[in-house]
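Contents: one structure, followed by commentary.
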Protein chains: 2
Amino acid sequence: MDEFMQAAYEEAMQGYREGGIPIGSVLVLDGKIIGRGHNRRVQRGSPVLHAEMDALENAGRLAPEEYRRATIYTTLSPCDMCSGAILLYKIPRVVIGENQTFLGAEELLKSRGVELVVLNDPQLIQMMKDFIAEKPDLWYEDIGHCIEC
Amino acid sequence: MDEFMQAAYEEAMQGYREGGIPIGSVLVLDGKIIGRGHNRRVQRGSPVLHAEMDALENAGRLAPEEYRRATIYTTLSPCDMCSGAILLYKIPRVVIGENQTFLGAEELLKSRGVELVVLNDPQLIQMMKDFIAEKPDLWYEDIGHCIEC
């Protein structure tokens, strides 16, 4: 893992220590982290603050041209919502820690010209496997997956 | 406008009175409003709390099966991010006040089976036309549109 994915991983672990879902993200502009965040479903009762959204939120209001020079790092493949945020702000590059435990809207991102780098880091895969085994209901809630539907 | 779009309009106007972007939304479940919100870019310095996101956030954590019975009302056609949130949670129906001043990811939503009802209400169109004329830079920032790119 490079320093940015390492920072996203640390965010994920911080979220886990808080009793939350271990997914982390950082937004990088011109070689510097300008926003970092982790999933806040448990901590804030939030359905919208996935890790990527939290990183974007914590970066604050940016000019449209700044997003176009940014890269977003996330420990897990971005869901429909987070991918939509990436498309809204036209972030051109996404580095994904792993897409083995969950595959988000990668095809949509690629079809819109976003560059994806998928690491499939074994440590990140194991982190999510362990979490999903530990708290499956929380995980399914986070991705809108209805077991009984 | 029915009572739910009226409530979304009132949210939009509240946002405008706060100095913000006049877009409002309500989430309706089983005939009742369970979340309401408006764009908070100015008020909270938030790039992620578009009106629909704010309504989802204010509804709090719901069970996956609840979203699947819900309808979201929004005064303006939902952007890529808000459409992504609708897809994540599999909200089956979206009532859109207007799509004349901004056309969001309606084709994507339709391709994924979401039912769209577009009202194109003249009052809502005029509200956004007036706002865009008044504060074009703020509007372009909100939709990630780069004038100089």
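The numbers here are math on the coordinates, done by the rules we state, and not lab data. This one's a predicted model, so the numbers in the text were calculated from it and none came from an experiment. Don't worry about glycine lacking a Cβ; one is built from the backbone with ideal geometry, like all the others, and counts go over all protein chains shown.
Structural remarks
- Considering region B:32-102, its Cα convex hull presents a mean projected area of 4.8 nm².
- Modelled FRET efficiency - R0 25 Å, A:Arg93 with B:Leu103, Cβ distances, 0.05 increments: 0.45
- Taking chain B and dividing mean pair separation by its residue count, relative contact order in percent (alpha carbons under 8 Å, at least six apart): 18 percent
- Considering the rotation that superimposes chain A on chain B, the residue of A whose beta-carbon lies nearest the axis, and that distance in Å, is A:Gly84, 1.
- What the pair-distance distribution of chain B shows, using all Cα-Cα distances binned every 5 Å from zero, is 2, 11, 22, 25, 21, 13, 5, 1, 0, 0 percent.
- The H on the amide N of B:Gly24, modeled in the peptide plane, is under 5 Å from the matching H of B:Ala12, B:Thr75, B:Leu76, each at least 5 residues off or on a different chain.
- Region B:105-149 residues near the modelled A:Leu29 label - backbone nitrogen below 19 Å, point 7 Å along Cα→Cβ: B:137-149
- For B:Pro122, inter-copy label distances in nm, listed shortest first [label point 7 Å out on the Cα-Cβ vector]: 6.8
- Shortest-first nm distances, A:Gln100 label point to equivalent points in other copies (7 Å, Cα→Cβ): 5.4
- Between the beta carbons of B:Arg61 and A:Met13, assuming R0 = 22 Å, the FRET efficiency works out to 0.50 to the nearest 0.05.
- By the Stokes-Einstein formula, at 1.567 mPa s and 4 °C, region A:68-149 with its Kirkwood radius over alpha-carbon pairs has D equal to 97 µm²/s.
- Computed on the Cα atoms alone, the convex hull of the protein assembly as shown gives a volume of 115 cubic angstrom per residue.
- Other residues within the sphere of radius under 15 Å centred on the Cβ of B:Asp137, judged by their own Cβ, net out at -3 (K and R +1, D and E -1).
- Across the identical copies, how the A:Pro136 labels are spaced - nm, sorted shortest first, 7 Å along Cα→Cβ: 5.6
- Computed [θ] at 222 nm, helices only, for the protein assembly as shown once each DSSP H run of length n ≥ 4 contributes -39500 (n - 2.57): -12500 deg cm²/dmol
- Under the Karplus curve 6.51 cos²θ - 1.76 cosθ + 1.60, θ = phi - 60°, whole-Hz ³J(HN,Hα) for region A:68-82, x wherever Gly or Pro sits: 6, 10, 8, 10, 10, 9, 9, 5, 9, 3, x, 5, 4, 5, 5
- Anchor A:Lys32: lysines whose Cα lies under 20 Å away (excluding residues fewer than 8 positions away in-chain): A:Lys90
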